[in-house]
Amino acid sequence: MEVLSPPIKPTLVLRPRTSHSDHTLLSLRSLKNPKSNLTRILRNVEAKAHIEKHVSTAATVDYGDPGWKESTRRSSRRASAFRISPMRLENYFCYSFSGLRFSLYSFYAKYGACELALLLTPLSPDFADGYPTDEEWHGYINNNDRVLLKVIHYSSPKSAGAQCIDPACTWVEQWVHRAGPREKIYFKPEEVKAAIVTCGGLCPGLNDVIRQIVITLEIYGVKQIVGIPFGYRGFSDSSLTEMPLSRTVVQNIHLSGGSLLGVSRGGPTVTEIVDSMEERGINMLFVLGGNGTHAGANAIHEECRKRRLRIAVVGVPKTIDNDILHMDKTFGFDTAVEEAQRAIYSAYIEAHSAYRGIGIVKLMGRSSGFIAMQASLASGQIDICLIPEVPFNLHGPQGVLSHLKYLLETKGSAVVCVAEGAGQDLLQKTNATDASGNIILGDIGAHIQQETKKFFKETGFPADVKYIDPTYMIRAGRANASDGILCTVLGQNASLQQGYPGNVHSIYPMFWQVHGAFAGYSGITVGICNTHYVYFPIPEVITEPKVVDPNSRMWHRCLTSTGQPDFI
Ligand SMILES: Nc1ncnc2c1ncn2[C@@H]1O[C@H](COP(=O)(O)OP(=O)(O)O)[C@@H](O)[C@H]1O
Ligand SMILES: O=P(O)(O)OC[C@H]1O[C@](O)(COP(=O)(O)O)[C@@H](O)[C@@H]1O
Ligand SMILES: [Mg+2]
């Protein structure tokens, strides 16, 4: 398989704001003191002063494109100092300034993912004595490593769960960037002020991710790390002060559920948040939250770009509902499924021990029934699983209640698992929303309980109905081992460095690499895709909630396990 094939659907591929090892656009050969000169260049570039446009070679080029090389060579006396980016460049400008030559390019601007970037990487021949390549260590991710987004080639649209773009189910390769440590870093760690914020509802594992981000940042050498209290609200509420974070502070926080920093819904506008970040001097923001939080994170990233701020905004998807697109799962989901087993088991014991007992368990899942489906499958004790994606009737010959009667007659007891977002069409609409604008759902579990009691009373067929709502108990717990690992890896990848701490330290003081990982990316989020860790551009994962496909094998497996009919 061709690993580096260009994506057919380019919007699905992350574009770094700057690039690193393969982009060499400045010869530092003539610099006596590269560090101070670089600082000066940066300052001047930012001020846009004295920049004389020297060459403008507009071309869309690929690595090794001879045309690009040729035009660059013609226009630059020091063309040999340049290597060509393997990425497509939208525009290429070469400037001369104060006798030094450096380059600016704006690429992928049309996708909104990048901005003008100053790329300064010493060429290896110039640093033959100490170029930071550790031949013995192959722990860096090559910037062009990709992971396949979809791995099944469906041969017919009728295959279970098929997602085809045309009747022939043409194979479309879609690639996403592999997450992990890059050889060169973008920020000088001592100039970083990193902030972490947790938004939305609670989710097992939040503390694990906070902890790992802090630890990884410290490994980089970052000294200023703060937590923003109570979600985005912490940026605007003057009574809330930021919390200094260090390894000592976070060492054991993963042993508790919840969030060390607190969470909230609603809060300030994006403008207010970015104003506050500027005031506080934050140049790296780690945002832990679900689809709403990520919409906010992307808006913050866009606002930073608009203001030309060198601020990296990196998301870590948090939702026990597991409703974020393209990811195998989000952290907290496994724990939720596992914790749900206890509630289902209790419901089963209650129902099974009662004369004509019915146990009803409500689980979380605003728009997606993943927790209910997986928990039902895992338990093997569920007779009826109801999810938002599959409509059902309660009443009538095909309805849930008739099936419950049948189950009591044949088995003597029954257990129902219902996702909170299921059957909302059966409830009275209020149009009420929470502070974030999410619709407040009716309690479908309580509704089914009442209707079941009424139904059996009216039919003169007594039934003992017990309703269990463990939702907040599940959400407030600490992460299980599997989620603990996921959180740790996501936290490391969000910080864009992992493993091998000595390496960063050995690179940084000697070479002060300015770009690359360590927030060369912004407006991204990290996730697990086909068992590999990857970076996604935020907009790609929040266009809609991920939902259970009623044609998928997993839902069919669930139906096989419960033995339930259609309720329509
Ligand atoms: N479209 C949006 N743009 C900007 N901020 C948003 C948007 N949607 C939600 N937010 C903010 O994100 C935070 C969390 O959103 P919420 O929907 O409550 O949780 P979650 O991120 O878990 O979905 C809230 O502070 C909310 O104000
Ligand atoms: O009571 P709250 O805080 O509004 O939380 C309820 C919601 O939290 C969730 O568990 C997760 O939602 P978020 O991902 O938006 O935080 C939903 O399933 C549920 O509807
Ligand atoms: Mg949400």
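The values are calculated or read from the model by the stated rules, or taken from the named source; none is laboratory data. Keep in mind that this is a model prediction, so the values were computed, not measured. Cβ: placed from backbone, ideal geometry, glycine included. Neighbour counts: every protein chain shown. In case anyone asks, the SASA skips ligands and DNA or RNA and just uses the protein heavy atoms, side chains included. Shrake-Rupley method; radii C 1.70, N 1.55, O 1.52, S 1.80 Å.
Quick one: would you say V400 is out of contact with any Asp or Glu (no Cβ under 6 Å at 6 or more places or on another chain) and more than 20 Å from E339 (Cβ to Cβ)?
Values: out of contact with any Asp or Glu (no Cβ under 6 Å at 6 or more places or on another chain): yes; more than 20 Å from E339 (Cβ to Cβ): yes.
Yes: the conditions hold for V400.
Could you identify the single residue in D275, D208 that is more than 16 Å from ligand 3 (Cβ to nearest atom) and either touching a Ser or Thr at 6+ places or on another chain (Cβ under 6 Å) or within 30 Å of A481 (Cα to Cα) (or both)?
Numbers: D275 fails: either touching a Ser or Thr at 6+ places or on another chain (Cβ under 6 Å) or within 30 Å of A481 (Cα to Cα) (or both).
None of the others qualify; the one that does is D208.
If G200 meets every condition in (1) open to solvent by 10 Å² or more (accessible area, probe 1.4 Å); (2) within 16 Å of ligand 3 (Cβ to nearest atom); (3) closer than 22 Å to I311 by Cα apart from one, which number is that one?
For G200, the exception is condition (3).
Out of the range 277-290, which residues are farther than 14 Å from F187 by Cα, more than 16 Å from ligand 2 (Cβ to nearest atom) and crowded, with 20+ Cβ neighbours inside 10 Å?
Scanning the range 277-290 gives M277, F286.
Is it fair to say V314 is away from ligand 2 (no atom under 16 Å from the Cβ) and under 27 Å from A494 (Cα atoms)?
Details: away from ligand 2 (no atom under 16 Å from the Cβ): yes; under 27 Å from A494 (Cα atoms): yes.
Considered against the rule, which asks whether it is away from ligand 2 (no atom under 16 Å from the Cβ) and under 27 Å from A494 (Cα atoms), V314 comes out as yes.
For the range 243-271, what are the residues that are within 16 Å of ligand 3 (Cβ to nearest atom) and hydroxyl-bearing (S, T, Y)?
S259, S264
Looking for whichever is open to solvent by 10 Å² or more (accessible area, probe 1.4 Å), closer than 22 Å to T471 by Cβ and under 15 Å from the mean Cα position of the chain (by Cα) here; the options are T319, T330. Which one fits?
Numbers: T330 fails: open to solvent by 10 Å² or more (accessible area, probe 1.4 Å).
Just a single option satisfies the conditions, and that option is T319.
Can you name every residue in the range 172-207 that is of a type outside the set (A, V, I, L, M, F, W, C), over 25 Å from E279 (Cα atoms) and more than 15 Å from the chain's Cα centre (by Cα)?
If the condition is that a residue be of a type outside the set (A, V, I, L, M, F, W, C), over 25 Å from E279 (Cα atoms) and more than 15 Å from the chain's Cα centre (by Cα), then E173, Q174, P181, R182, E183, K184, G201, P204, N207 are the ones that fit.
Pick out, from the range 405-518, the helices (runs of 4 or more DSSP H) lying fully within it that include 1 or more residues that are modelled with pLDDT of 95 or more and within 16 Å of ligand 2 (Cβ to nearest atom). Walk me through how you get there before you give the answer.
Working: elements: 444-458, 471-475, 481-494, 501-511.
Of the helices (runs of 4 or more DSSP H) lying wholly inside the range 405-518, those with at least 1 residues that are modelled with pLDDT of 95 or more and within 16 Å of ligand 2 (Cβ to nearest atom) span 444-458, 471-475, 481-494.
Picking from G423, G380, G460, which residue would you name as being open to solvent by 30 Å² or more (accessible area, probe 1.4 Å), more than 16 Å from ligand 1 (Cβ to nearest atom) and free of Cβ contacts under 8 Å to residues at least 40 places away in the same chain? Break it down stepwise before answering.
Working: G423 fails: open to solvent by 30 Å² or more (accessible area, probe 1.4 Å); G380 fails: free of Cβ contacts under 8 Å to residues at least 40 places away in the same chain.
Testing whether each residue is open to solvent by 30 Å² or more (accessible area, probe 1.4 Å), more than 16 Å from ligand 1 (Cβ to nearest atom) and free of Cβ contacts under 8 Å to residues at least 40 places away in the same chain leaves just G460.
So that you can scan it fast, the table gives a plain yes or no per residue for (1) open to solvent by 10 Å² or more (accessible area, probe 1.4 Å); (2) under 30 Å from I141 (Cα atoms); (3) within 14 Å of ligand 1 (Cβ to nearest atom):
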| residue | (1), (2), (3) |
| --- | --- |
| I210 | no, yes, no |
| K223 | yes, yes, no |
| L255 | yes, no, no |
| T271 | yes, no, yes |
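Would you confirm, using the coordinates I've provided, whether C169 is at pLDDT 85 or above, open to solvent by less than 40 Å² (accessible area, probe 1.4 Å) and not in a helix (DSSP H, G or I)? Can you show your working first?
Details: at pLDDT 85 or above: yes; open to solvent by less than 40 Å² (accessible area, probe 1.4 Å): yes; not in a helix (DSSP H, G or I): yes.
The answer is yes for C169.
Has the range 321-344 got any residue that is of a type in the set (S, T, N, Q), within 14 Å of ligand 1 (Cβ to nearest atom) and in contact with a strand residue (DSSP E or B) (Cβ under 7 Å, 6 or more places away or on another chain)? Don't jump to the end; show me each part of the working.
Narrowing the range 321-344 to residues of a type in the set (S, T, N, Q): 322, 330, 335, 341.
Narrowing the set further to residues that are within 14 Å of ligand 1 (Cβ to nearest atom) leaves 322, 330.
Keeping just the survivors that are in contact with a strand residue (DSSP E or B) (Cβ under 7 Å, 6 or more places away or on another chain) gives 330.
Checked against the condition, which is being of a type in the set (S, T, N, Q), within 14 Å of ligand 1 (Cβ to nearest atom) and in contact with a strand residue (DSSP E or B) (Cβ under 7 Å, 6 or more places away or on another chain), the range 321-344 yields at least one hit.
When the residues of the range 238-253 are narrowed to those that are under 12 Å from R211 (Cα atoms) and hydrophobic (A, V, I, L, M, F, W, C), which ends up surrounded by the most Cβ atoms within 10 Å (Cβ to Cβ)? Break it down stepwise before answering.
If we filter the range 238-253 for residues that are under 12 Å from R211 (Cα atoms), which is where we start, we get 245-253.
Within this subset, residues satisfying the condition of being hydrophobic (A, V, I, L, M, F, W, C) are 245, 249-250, 253.
On the way: L245: 25, V249: 16, V250: 22, I253: 19.
Checking each candidate, the answer is L245.
Residues in the range 282-307 that are touching a residue at least 12 places away in the same chain (Cβ under 8 Å), more than 15 Å from ligand 3 (Cβ to nearest atom) and either among the charged types (D, E, K, R) or within 17 Å of D323 (Cβ to Cβ) (or both): how many?
The number of residues fulfilling the criteria is 4.
If a residue must be more than 32 Å from the chain's Cα centre (by Cα) and exposed (fewer than 14 other Cβ atoms within 10 Å of the Cβ), how many such residues does the range 426-457 contain?
So the first thing to find is which residues in the range 426-457 are more than 32 Å from the chain's Cα centre (by Cα), and the list is 426-428, 446-457.
This time we only want the ones that are exposed (fewer than 14 other Cβ atoms within 10 Å of the Cβ), so: 427-428, 450, 454, 457.
The total comes to 5.
Residue by residue, here is whether (1) more than 21 Å from S522 (Cβ to Cβ); (2) open to solvent by 10 Å² or more (accessible area, probe 1.4 Å) holds:
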site: D145; (1), (2): no, yes
site: V151; (1), (2): yes, yes
site: P157; (1), (2): yes, yes
site: E173; (1), (2): yes, yes
site: E190; (1), (2): no, yes
site: A195; (1), (2): no, no
site: P204; (1), (2): yes, no
